[in-house]
Structure formats: structure tokens, C-alpha cells
Amino acid sequence: MAANFWNSSHYKQLLDQEEVDVVHDLDKERGISIDDFKLIKFHMSNHIMKLAQHIKVRQRVVATAITYMRRVYIRKSMVEFDPRLVALTCLYLASKAEESIVQARNLVFYIKRLYPDEYKYEIKDILGMEMKVLEALDYYLVVFHPYMSLSKYLQDAAINDVNMNQITWGIVNDTYKMDLILVHPPYRIALACIYIASVHREKDITAWYEDLHEDMNLVKNIAMEILDFYENYRTITEEKVNSAFSKLALKP
């Protein structure tokens with residue numbers, strides 16, 4: 001699987017953080033800052049996760065959908081590509097790519113049930129946006145996730161602490177509220193999540209890490225990004241979300 005990743009379109013599309021943190025000119029004209037940009041993507045990631053719980057799709061589909069959404073905004077403006085419609089379309093597209101197909105009518109039904117005053121989109125809107133999203137993705141739909149590596153690492157490290165395992169899986173899911181999947185190899189994200197959980201649970205697995213011959217500075221840097229996110233997460237308020245969306249002339 002690792003060998004496949006290094007030959008994949010996913011690997012070839014990895015970017016530096018500076019390349020991801022680019023606000024498009026049309027969005028800048030509306031007053032969108034880099035903080036607004038990140039906040040809107042975070043908010044839409046949460047919407048995808050919440051909707052997915054109701055339509056009952058696998059976590060892999062959710063992760064792929066969020067990855068698509070974040071990839072779209074590397075190339076496209078939020079003014080031109082309404083984040084709410086893009087999020088719906090990415091979930092629809094990811095369900096097909098991951099062979100766990102969700103009907104567009106079910107997405108419309110549940111999103112209107114969850115957010116009756118916010119989402120006015122119909123099936124035709126999702127189907128119309130699908131081709132635009134595919135073009136924005138250059139038709140590259142393969143996404144490698146940290147999950148497979150995580151399972152192998154936890155088994156290999158012989159970590160029998162159920163709480164630590166649960167914490168690790170939870171941290172991996174939280175990484176999709178960030179842009180890590182666009183910047184770092186998935187296996188390294190998995191290692192960073194294990195590292196955070198091991199420190200939290202006071203488990204010394206230093207010897208195991210040494211046997212991997214992995215650059216621990218890179219792993220720890222990712223871990224710090226995740227911990228910084230958790231710290232900043234506390235400062236996110238509904239007012240900040242509303243302010244960001246208002247600049248797009250969209251109600252969140």
C-alpha cells in the first residue's frame with residue numbers, strides 16, 4: 001500500500017502548506033482572510049461529517065469527501081464555488097469513488113431536514129456541480145488515508161490499551177478538519193496521531209519508533225500542528241463562522 005502511495009496521483013499532488021494557504025483573488029475582493037478561508041473549510045468539514053452520520057456511510061467516504069472539498073479550493077474561489085453545494089457534491093462523488101453509493105435525493109432530503117433554512121439545493125444542483133468538481137480535481141479521485149497505516153502500526157506496536165487506540169482513531173478523524181491530508185503522507189499523519197495518544201496515555205513507545213527509522217522531527221512537527229489546531233479550536237465561535245460566510249454573501 002505504501003509503495004502504491006508513492007506512485008499515486010495523491011503523492012504527486014502533495015503541496016507545501018504555503019501553497020494550500022492561498023486565498024483566491026475573487027475571495028480577497030470580498031474581504032476573505034486566510035483565517036476566514038480555513039474557518040469556512042473547517043465548518044464545511046463538520047457539515048459533511050454530520051450529514052454522513054445520518055445517511056450512514058463509512059468513515060472512509062467522509063474522509064474522501066472532505067479531501068475532495070479541500071482540494072477544490074486549492075484551485076477554485078469560494079465565491080464561484082459555493083462551499084455548501086461543493087460539500088454536498090463532494091460527499092456524493094466520494095460515495096461513488098469509494099463504492100458506497102449514496103443517492104443524490106437522499107442527500108437533498110437529509111440536508112434540508114438538518115438545515116431547513118440554509119440549504120435550498122435540489123438534485124439537479126448536485127448533479128450540475130459534480131462535473132465542475134471533477135474538473136477542479138483534474139479527475140484524480142484516488143485518496144490514500146491514514147487508516148490502513150494506523151491499523152498496521154497499532155498492531156505492530158502491540159498497543160493493547162483500548163483507550164489509547166480509541167484516542168488515536170479519534171485524532172485521525174479530527175485531522176480532516178485541517179489540511180494535513182493535502183500536505184503530508186498519510187502514514188506520517190498516522191504516526192503523529194499515535195505519538196500524541198502515547199504521550200497523553202503516558203505510554204513509552206520510543207523503542208518502537210526507533211525501529212521504524214522514521215524522521216521523528218517530521219512526525220513531531222505534524223503532532224504540533226494537530227495540537228495547535230486543538231488549542232485554536234476553542235476560539236472558534238458561531239459569530240466568527242457567520243462573519244466569514246457573510247463576506248461570501250452566504251448564510252452558513
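Just checking, which of Lys203, Lys177 is touching a Lys or Arg at 6+ places or on another chain (Cβ under 9 Å) and open to solvent by 30 Å² or more (accessible area, probe 1.4 Å)?
Working: Lys203 fails: touching a Lys or Arg at 6+ places or on another chain (Cβ under 9 Å).
Testing whether each residue is touching a Lys or Arg at 6+ places or on another chain (Cβ under 9 Å) and open to solvent by 30 Å² or more (accessible area, probe 1.4 Å) leaves just Lys177.
For residues in region 116-157 being open to solvent by 30 Å² or more (accessible area, probe 1.4 Å) and of a type in the set (Val, Ile, Thr), which is farthest from the chain's Cα centre (by Cα)? Here the answer is Ile123. Residues that are farther than 24 Å from Leu248 by Cβ and in contact with a helix residue (DSSP H, G or I) (Cβ under 8 Å, 6 or more places away or on another chain) were ranked within region 87-103; the one that is surrounded by the fewest Cβ atoms within 10 Å (Cβ to Cβ) is Ile101.
Is it the case that Arg84 is in contact with an Asp or Glu (Cβ under 8 Å, 6 or more places away or on another chain), surrounded by 15 or more Cβ atoms within 10 Å (Cβ to Cβ), among the charged types (D, E, K, R) and not in a loop (DSSP other than H, G, I, E, B)?
Working: in contact with an Asp or Glu (Cβ under 8 Å, 6 or more places away or on another chain): yes; surrounded by 15 or more Cβ atoms within 10 Å (Cβ to Cβ): yes; among the charged types (D, E, K, R): yes; not in a loop (DSSP other than H, G, I, E, B): yes.
For Arg84, the condition - in contact with an Asp or Glu (Cβ under 8 Å, 6 or more places away or on another chain), surrounded by 15 or more Cβ atoms within 10 Å (Cβ to Cβ), among the charged types (D, E, K, R) and not in a loop (DSSP other than H, G, I, E, B) - is met.
Counting only helices (runs of 4 or more DSSP H) that fall entirely inside region 171-252 and contain at least 3 residues that are in contact with a Cys (Cβ under 9 Å, 6 or more places away or on another chain), the qualifying elements are 216-233.
Tell me whether region 32-39 contains one or more residues that are part of a loop (DSSP other than H, G, I, E, B) and either polar (S, T, N, Q) or modelled with pLDDT of 95 or more (or both). So that I can check it myself, show each step before the final result.
Of region 32-39, the ones part of a loop (DSSP other than H, G, I, E, B) are 32-33.
Pick out the ones that are also either polar (S, T, N, Q) or modelled with pLDDT of 95 or more (or both) and you get 32-33.
Checking region 32-39: at least one residue is part of a loop (DSSP other than H, G, I, E, B) and either polar (S, T, N, Q) or modelled with pLDDT of 95 or more (or both).
The values are calculated or read from the model by the stated rules, or taken from the named source; none is laboratory data. Keep in mind the model is a prediction, meaning the values are calculated, not measured. Quick reminder, even Gly has a Cβ in these numbers, built from the backbone with ideal geometry, and neighbours come from all protein chains shown. Note: areas computed on protein heavy atoms with side chains; ligands, DNA, RNA excluded. Shrake-Rupley method; radii C 1.70, N 1.55, O 1.52, S 1.80 Å.
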